[in-house]
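Scroll down for the structure; my scribbles are underneath it.
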Amino acid sequence: MSEQTAAPELVPLNAIFSTDFVAILVPVTTANTMDEVAAAVAHHSEGRRVRALPHPKVVIHNGRKLPGHLTVAEAGIKPLDHVAVEYEIPGGAS
């Protein structure tokens, strides 16, 4: 398919970060990676309502932990889907 050369599209996501109690609407694009999505979601909570921790962050969508290199399009995430971003704590439960 030659669709892969299409321009990135806006994908607003319903998101929540770690132990935050505020769900937010975060604009990302189909070309953003999960690492970029995690950073965008964390930006609104980390160090504000949630204590910043020195651990990597992981995006969870429909119960699946998504690899950081995966794009929004590759993950099949659609506009207004819900994602959660959690800290990936070494030695913690996987």
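The values are calculated or read from the model by the stated rules, or taken from the named source; none is laboratory data. Note that the coordinates shown come from a computational prediction; the quantities given were computed from them, not determined experimentally. Here Cβ is always computed from backbone atoms with ideal geometry, including for glycine, and neighbour counts include all displayed protein chains. SASA here: full protein model, heavy atoms, side chains in, ligands and nucleic acids out. Shrake-Rupley method; radii C 1.70, N 1.55, O 1.52, S 1.80 Å.
Collect residues whose amide H, placed 1.01 Å from N in the peptide plane, falls under 5 Å from the amide H of LYS57; neighbours closer than 5 in sequence don't count.
HN-HN under 5 Å from LYS57: GLU88.
For the chain, what is the percent of antiparallel DSSP beta bridges, rounded to the nearest 5?
Of those bridges, close to 75 percent are antiparallel.
Quick one: accessible area per residue over the chain, 1.4 Å probe, rounded to a whole number of Å²?
Per residue, the chain has 62 Å² of solvent-accessible surface.
About the Cα centre of the chain, what is the dipole size in debye to 20, counting +1 per Lys and Arg Cβ and -1 per Asp and Glu Cβ, all else neutral?
I would put it at about 320 debye.
Using θ = phi - 60° and the Karplus relation 6.51 cos²θ - 1.76 cosθ + 1.60, list the HN-Hα couplings for segment 29-39 in order, rounded to whole Hz, with x at every Gly or Pro.
My calculation for segment 29-39 gives 10, 4, 8, 5, 7, 5, 4, 5, 5, 4, 5 Hz in order.
Below 8 Å between Cα atoms, with a sequence gap of 6+, how large is the relative contact order for the chain in percent?
34 percent
Using a 1.4 angstrom probe on heavy atoms only, work out the carbon and sulfur share of the accessible area of the chain in %.
Taking all protein chains in place, the chain shows 56 percent carbon and sulfur surface.
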